[in-house]
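To keep things clear, I will list the structure first and then write my remarks on it.
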Amino acid sequence: AQTVTQSQPEMSVQEAETVTLSCTYDTSESNYYLFWYKQPPSRQMILVIRQEAYKQQNATENRFSVNFQKAAKSFSLKISDSQLGDTAMYFCAFSSRGGSEKLVFGKGTKLTVNP
Amino acid sequence: NAGVTQTPKFRILKIGQSMTLQCTQDMNHNYMYWYRQDPGMGLKLIYYSVGAGITDKGEVPNGYNVSRSTTEDFPLRLELAAPSQTSVYFCASSYLWGAGQYFGPGTRLTVL
């Protein structure tokens, strides 16, 4: 069974600075997707970024980028120029190919951006 | 598009009562999911569906039932509510593997 581990329960960063959230996963499969979801205090789950395992190039979405290390089974999220609105829980998730796109989530990292 | 909608937003149940959490999506997605989120934890999959008439168990299905008679609707039924079912419930949908899932706003359920 796949597992996703987020080793940082809480992190904080100053506004405008850069922060990196860590995620590791365990799988024996070769084809899969990885995701980062954001959950602000409103509790709405919002997709931030996704990465296909077969793509070597790291995904980027505006201020959000990932460092995907397939051999190390590591998938970290970098947030540049942090903004107050980035304060949220961040969840790393894994989806293996199997026709149903079931997601396996980590326990999350609570990020606080300080003014 | 309204996306994924869930009702109710909040509910308090007494032990042994039953209820149905409603989920509707207007994006014509084939795949739909129910998750629960306990305090300090990530989401865990309860049930999922790959299309109308097809459902399957996820990681934590005990105490729940689902049905999928239409593409749009995927209700979750709680029978004989127990305090262990106190949680926030999320419905989600997707159209393609790897595209990511769209989530509803969640239902906070308390069983006393």
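The values are calculated or read from the model by the stated rules, or taken from the named source; none is laboratory data. Values in this document were obtained by computation on a predicted structure and should not be read as measured data. We place every Cβ from the backbone using ideal geometry, glycine too, and count neighbours over all the protein chains shown. Each accessible area value is taken on the protein alone, full model and side chains, heavy atoms only, with ligands, DNA and RNA left out. Shrake-Rupley method; radii C 1.70, N 1.55, O 1.52, S 1.80 Å.
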Quiz item: When the label point is put 7 Å from the Cα of A:Asn114 along its Cα-to-beta-carbon vector, which residues of region A:8-33 have a backbone N closer than 12 Å?
Solution: A:11-15
Self-check item: Long-range lysine pairs (8 or more apart or interchain), the protein assembly as shown, Cα under 15 Å
Solution: 10
Exercise. With a point put 7 Å past each Cα toward its Cβ, work out how far A:Gln8 is from A:Gln44 in nm, to one decimal.
Key: 2.5
Practice problem: At most 15 other Cβ atoms within 10 Å and a DSSP loop assignment: could you name the chymotrypsin sites (Phe, Trp or Tyr not before Pro) in region A:17-55 that fit? | Solution: A:Tyr54
Practice problem: Scan chain B and report its longest stretch carrying no trypsin sites (Lys or Arg not before Pro) that are both in a DSSP loop and have at most 11 other Cβ atoms within 10 Å. | Solution: B:15-112
Quiz prompt | Estimated dipole of region B:4-95 in Debye, rounded to 20 [Cβ of Lys and Arg +1, of Asp and Glu -1, Cα centre] | solution = 260
Quiz item: Given a 1.4 Å probe and every protein chain left where it sits, what share in percent of the accessible area of chain B is carbon and sulfur?
Solution: 52
Quiz item: Per residue in region B:62-111, which ones lose no less than 50 Å² of accessible surface when going from chain alone to all protein chains (1.4 Å probe)?
Solution: B:Trp97, B:Gly98, B:Gln101, B:Phe103
Self-check item: HN-Hα J in Hz across region B:92-102 - Karplus 6.51, -1.76, 1.60, θ = phi - 60°, x for Gly and Pro
Solution: 9, 9, 8, 10, 7, 4, x, 7, x, 9, 9
Quiz item: Hey, rough spin-label estimate for B:Glu72 and B:Arg108, points 7 angstrom out along Cα→Cβ, what's it come to in nanometres?
Solution: 2.9
Quiz prompt | Spin-label model distance (nm) - A:Ser74 vs B:Met19, 7 Å beyond Cα toward Cβ | solution = 4.4
Exercise. Send over the Kirkwood Rh of the protein assembly as shown, from the inverse of the averaged 1/r over different Cα pairs, rounded to one decimal Å.
Key: 18.1
